[in-house]
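Since the structure comes first, as structure tokens, the remarks are kept for the end.
Here, each number is a calculation from the coordinates, and none is a lab measurement. In this text the structure is predicted, and so the values were computed from the model without any measurement. Counting neighbours? That spans all protein chains shown, and the Cβs are built from the backbone with ideal geometry, glycine included.
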Amino acid sequence: MVDFVQLADSTFNLCFGDLLPDGTIDDTVNSNNGDIVKVLATVVDILRAFCLQHHAVQIYFEGSTELRTILYARILKTYYTDIAMEFAIAGLTEEGEVITYDPLIDRKYFGFLVKRKA
């Protein structure tokens, strides 16, 4: 399940995970079935569709654990060239500063913001 929760006027939190019977999302589940690339590609497709419908929004995401945030940073670094053609990417530092994401700098990020380029 993928959901977008409004945090501010133009900022939404991207949440995804397994849908539980009570309608909530479990974002801590780890299926270990080897489909992470497929799952994340689907999440990116949903993100694209959401941003096409809501032009001026920015999307915030972070991992439910530190290791997941590191995984997302690694994926952003790996696919940066493709993602950056369509989205501006920023990272949240430990100090709470939002800075332009640079895949060439080895930095620890605590979350990410993406916004569709005009």
field: Charge-dipole axis of the chain as Lys and Arg at +1 and Asp and Glu at -1 on Cβ define it, positive-most pick from Leu14, Pro103, Val43
entry: Pro103
query: R0 = 35 Å: FRET efficiency of Asp27 with Ala118, Cβ-based, nearest 0.05?
result: 0.70
query: DSSP beta bridges in the chain, what fraction antiparallel, as a percent rounded to 5?
result: 90 percent
query: Can you list the HN-Hα couplings for region 46-61, worked out from phi with the Karplus curve (6.51, -1.76, 1.60; θ = phi - 60°), rounded to whole Hz and with x for Gly and Pro?
result: 5, 4, 4, 4, 4, 5, 5, 7, 10, 4, 9, 8, 10, 10, 9, 8
- prompt: Where in region 33-106 are there GluC sites (Glu not before Pro) that are in a DSSP coil and have at most 11 other Cβ atoms within 10 angstrom of their Cβ?
  reply: Glu94, Glu95, Glu97
task: Starting from the Cα of His54, move 7 Å in the Cα-to-Cβ direction to define the label point; list residues of region 1-15 whose amide nitrogen is under 16 Å from there.
output: 2-15
statement: Semi-axes a, b, c in Å (a largest) for the chain, each sqrt of 5 times a Cα gyration tensor eigenvalue, come to 21, 18, 15
